[in-house]
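The values are calculated or read from the model by the stated rules, or taken from the named source; none is laboratory data. A quick note: this is a predicted structure, and the numbers were derived from the prediction, not measured. Using ideal geometry, Cβ is built from the backbone for each residue, glycine included, and neighbour counts are taken over all protein chains shown.
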Amino acid sequence: MIAEFAMRGAVPGSRIGQISVMSIVMSMPLTYAIGDVHGRSDLLTAIIDFVERDAVRRGRLPRIVFLGDIVDRGRDSKGCLNILGRVLSDHPGSTFVRGNHDDWFLRFLEDDRRDLYSWFHDGGRQTLDSYCGLDMDPARQFILKHHPDHLHLLRQSIFIFDEDPILFVHAGIRPSAPIAKQAPKDLLWIREPFLDHHGSLDRVVVHGHAVMEEGRPVVTENRISMDTGGCSSGRLSVLVIDQPKRELSFWQTDGDRRSVVEVKAERRDRGQGTVLDDLSWLGG
């Protein structure tokens, strides 16, 4: 499609046509999809530094998709939201997909007490400590007064980012439901009905939420799973999508050393191959 558009009015195979194709490719952003951060601002800093340097090296603009769970469990959720805000401002087209922990934190800030203690004991305490170390109600008032931009970031997050042929979401989708009718609860929380689904889906789903025990991203015939347990493993992963070139690559922080290295995703062939076997589905 790109080549066809670029070559209109150019002699096939000519240098002008080749330059036109290259110009269009170089003008298209690279997409970087980052797995669950969970309060590890040190790892997120390393990944964002890699992303920005990698995009410059390739002569392209970066579009960064955060797959959710920016907050909780780690030591510096406040710092992670600061980084998130800066990235969304600096890189147009970047997106914050809401995770279940982000949703919990948002509801806490809005004084919605459903699941309050589940959140508090599953990483919420560490999130509050990153701001002020106060008890819940005083902490809420402190955050709303001193960091209203964080409330705005959480409210502006989206449940699903559809970039046909790829769908970015936190947890996954319910395979039996059309994309337009997916329930927010499933997008935030679903596990087995999605993870255990064999066969194609309407999109290739790029997601987090479920930690891949191998410490590497996992690829099947219908999904790319990007949560590599960075909070505890020190391995925060990012998927680089170069759609016009039909290329996918995987990178992650190298444990707590914070260097970023390329890794091979685990190809989990369940009898139907994997999406890495033939990247023609990316279009381009």
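Considering LYS185, LYS245, the condition of being closer than 24 Å to ASP72 by Cβ, surrounded by fewer than 21 Cβ atoms within 10 Å (Cβ to Cβ) and not aromatic (Phe, Trp, Tyr) is satisfied by LYS185 alone.
If you go through segment 191-222 one residue at a time, how many are in a loop (DSSP other than H, G, I, E, B) and surrounded by 19 or more Cβ atoms within 10 Å (Cβ to Cβ)? Summing the residues that are in a loop (DSSP other than H, G, I, E, B) and surrounded by 19 or more Cβ atoms within 10 Å (Cβ to Cβ) in segment 191-222 gives 10. Of all the numbered requirements in (1) on the phi < 0 side of the Ramachandran plot; (2) in contact (Cβ under 8 Å) with a residue 24 or more places away in the chain; (3) in contact with a strand residue (DSSP E or B) (Cβ under 8 Å, 6 or more places away or on another chain); (4) surrounded by fewer than 22 Cβ atoms within 10 Å (Cβ to Cβ), VAL261 misses one, and that requirement is (2). Only one residue in ARG125, ARG155, ARG113 is of a type outside the set (A, V, I, L, M, F, W, C), under 23 Å from ILE64 (Cα atoms) and surrounded by fewer than 20 Cβ atoms within 10 Å (Cβ to Cβ), so which one is that? Just one listed residue meets the conditions, ARG155. Taking into account only those residues within segment 147-172 that are outside any helix (DSSP H, G or I) and farther than 22 Å from ASP227 by Cβ, which is farthest from the chain's Cα centre (by Cα)? Among those that are outside any helix (DSSP H, G or I) and farther than 22 Å from ASP227 by Cβ, it is HIS147. All of (1) at positive phi; (2) surrounded by fewer than 18 Cβ atoms within 10 Å (Cβ to Cβ); (3) modelled with pLDDT of 95 or more hold for GLY9 with one exception: (3). Here is the figure for segment 112-135: residues that are more than 27 Å from the chain's Cα centre (by Cα) and within 19 Å of ASN100 (Cα to Cα) total 1. The residue that is farthest from the chain's Cα centre (by Cα), among those in segment 223-240 that are under 18 Å from PRO165 (Cβ atoms) and crowded, with 23+ Cβ neighbours inside 10 Å, is ARG223.
Would you check if there is a residue in segment 163-170 being among the acidic types (Asp, Glu), surrounded by fewer than 19 Cβ atoms within 10 Å (Cβ to Cβ) and in contact (Cβ under 8 Å) with a residue 24 or more places away in the chain? Among the residues of segment 163-170, at least one is among the acidic types (Asp, Glu), surrounded by fewer than 19 Cβ atoms within 10 Å (Cβ to Cβ) and in contact (Cβ under 8 Å) with a residue 24 or more places away in the chain, which makes the answer yes. In segment 38-49, the residues that are on the phi > 0 side of the Ramachandran plot form Cβ pairs under 6 Å with partners that are among the hydroxyl-bearing types (Ser, Thr, Tyr) and buried (at least 24 other Cβ atoms within 10 Å of the Cβ), at six or more places apart or across chains, as follows: GLY39/SER77. The set of residues in segment 112-143 being among the hydrophobic types (A, V, I, L, M, F, W, C), outside any helix (DSSP H, G or I) and either more than 13 Å from LYS78 (Cα to Cα) or in contact with a Pro (Cβ under 6 Å, 6 or more places away or on another chain) (or both) consists of LEU134 alone.
Rundown of residues vs (1) crowded, with 20+ Cβ neighbours inside 10 Å; (2) touching a helix residue (DSSP H, G or I) at 6+ places or on another chain (Cβ under 7 Å); (3) assigned to a helix (DSSP H, G or I), yes/no style:
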| site | (1), (2), (3) |
| --- | --- |
| ASP49 | no, no, yes |
| ARG63 | yes, no, no |
| GLY68 | yes, yes, no |
| ARG75 | no, yes, no |
| SER89 | no, no, yes |
| PHE108 | yes, yes, yes |
| LYS145 | no, no, yes |
